[in-house]
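Since the structure comes first, as structure tokens, the remarks are kept for the end.
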Amino acid sequence: MGEKNSKYIVISPLYSSFVTQSYEYRLGVYGKDLYLSNLDKSIYRELPLMKRYITEDFATIDKYMLNHMEIEKVTDFQKKDIKYQYSLRYLMTGRLIWRELIECFVEHINKKDGAALNDFNIVYGLYMERGEHFFSGNIV
């Protein structure tokens, strides 16, 4: 927020992090032209508790598929698809968590300095894709 020309904070879940098993989100700060701006400051963060549950759940899914699905002859593609569909559910859960965090963040900043967020938009969505506005300082 301290960047002079910053207008957007974008929270992006990273699908690739399900492959690397890091389960990260990218937090980026951009100027008024969003992805076309020269201002591109970002950090990568994971939600540790979420990572723990995803890891445990995927281990349970693997165990279940190994013990129960051999009979049905589930293909590798089907097994990967089951995990992919499950990971999408986690991304939706992550969306709800981030929405709540943003609400707390906005409330905290507004108490501290009500005008600090006037020119900011906070967006949640896949990196370089259309996102959902969680907050816009320009909207009354």
> According to a simple spin-label model (label point 7 Å from Cα along Cα-to-Cβ), what is the distance in nm between Met50 and Tyr64?
Replying inline: 2.1
>> Over 25 Å between Cα atoms: which of Lys41/Lys79; Lys51/Lys111; Lys7/Lys112 fall into that group?
In response: Lys41/Lys79; Lys51/Lys111
> Residue by residue, what Karplus-based ³J(HN,Hα) values in Hz, rounded to whole numbers, does segment 100-116 have, using 6.51, -1.76 and 1.60 with θ = phi - 60° and x for Gly and Pro?
Replying inline: 5, 4, 5, 4, 5, 4, 4, 4, 4, 5, 5, 5, 6, 8, x, 8, 4
> Amide H neighbours of Val123 under 5 Å, counting only residues 5+ apart in sequence or on other chains, H built in-plane at 1.01 Å?
Replying inline: Ile9, Val10, Ile11, Phe134
> What is the set of long-range amide H partners of Leu34 at a cut-off below 5 Å, with H atoms built 1.01 Å from backbone N?
Replying inline: none
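Bear in mind that the values in this text are calculations on the coordinates, not laboratory data. Nothing here was measured: the structure is a model prediction, and the numbers come from that model. Positions of Cβ are generated from backbone atoms using ideal geometry, with glycine treated the same way; all protein chains shown enter the neighbour counts.
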